[in-house]
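Reading through the structure tokens given below for one structure.
The values are calculated or read from the model by the stated rules, or taken from the named source; none is laboratory data. Just so we're clear, the structure is a prediction, and the values are computed from it rather than from any experiment. Because the Cβ atoms are built from the backbone with ideal geometry, glycine has one as well, and the counts that use them run over all protein chains shown. Accessible surface is based on the protein model in full, side chains and every heavy atom, while ligands, DNA and RNA are left aside. Shrake-Rupley method; radii C 1.70, N 1.55, O 1.52, S 1.80 Å.
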Amino acid sequence: GLGDVYKRQNWRVSVFESRNIPNNLCSAFGITIKEMSDIVKLDVTHSNLSMRMPELKFDRTQSVASVKASLEKRVGTSADNMNLILKDSSGNTVSTLSDNESSLGSYGTQDGYILHVVDTNPMSITKQLGEENTDVPKYKIEEDKYQAREDTFAKFKEKNPELFKGKGKPKIDDEFEADKAAAIKIDNRCQVLKTKARGAVKYVGKVPEKAPGYWVGVLLDEPLGNSDGKVKGKSYFTAEMKYGVFARPSEIQVGDFPPEDLDEI
């Protein structure tokens, strides 16, 4: 992240400093500069714990499985017993991150959103910790005295209703990335930006079993994917297992990407 220091051959280069270093010099010393547009800052909350971890940095290109593995170290919930719910900054649910192989960015993740961890293990240590916290005596004020005060959150909300108007619908709707999808045609040759895997477009449209909005189904030249063209039993295109992949239109680059000749590599 920002401020990290990369060390190589007695060099110490911060990310801020590296912006002014020529690309060829960065390559020579093995310095990698992460595209800032891929970084997103999210607040993290937990179903069993009354905590909020503000502005944790994630990479939009990370898979959901990778995000879970990272959160396991932070919140104590096993990745195998973890469901993730993405919410907007007002707390409205945007989507459930149900596909471990999809990227975090494919769910429309934005700065300021909330990543809510749901611990599905009834014997989880986090559940026990949460129950312990409920035993702590809490100060309570009588309702009439609370209503008489002018410095409460309820009074602030009453005086500033415009600050608490809900959006009324999730951030991801059925037309998410429709404009980008319109430029992609069946049988277009393409490259998956994250993996550089090449293939041909075999499906463009909605896949409600994954998440709202538009998706692109790609038949890959090599077994570098995670799908056979089906999502939860519904077939969108035909592929052998691992020869298929679904990605958002923004994660696909259409162009002159012929099959690579492995004998020449």
- Quickly run through region 239-262 and pick out the residues that are closer than 18 Å to G105 by Cβ and either open to solvent by 70 Å² or more (accessible area, probe 1.4 Å) or not β-branched (V, I, T) (or both). F246, A247, R248, P249, S250, E251, Q253
- Condition broken by Y236, with the remaining ones in (1) of a type outside the set (G, A, S); (2) touching a residue at least 12 places away in the same chain (Cβ under 8 Å); (3) open to solvent by 60 Å² or more (accessible area, probe 1.4 Å) satisfied: (3)
- For T61, the lone unmet condition from (1) part of a strand (DSSP E or B); (2) in contact (Cβ under 8 Å) with a residue 24 or more places away in the chain; (3) open to solvent by 40 Å² or more (accessible area, probe 1.4 Å) is (1)
- Residue check for T195: assigned to a loop (DSSP other than H, G, I, E, B) and farther than 18 Å from T61 by Cβ: no
- So how many residues does region 70-95 have that are assigned to a strand (DSSP E or B) and within 24 Å of E175 (Cβ to Cβ)? 7
- Scan region 23-43 for residues that are farther than 19 Å from S102 by Cα and at pLDDT 90 or above and jot them down. D43
- Item | Selection status of T134, open to solvent by less than 80 Å² (accessible area, probe 1.4 Å) and modelled with pLDDT under 90 | no
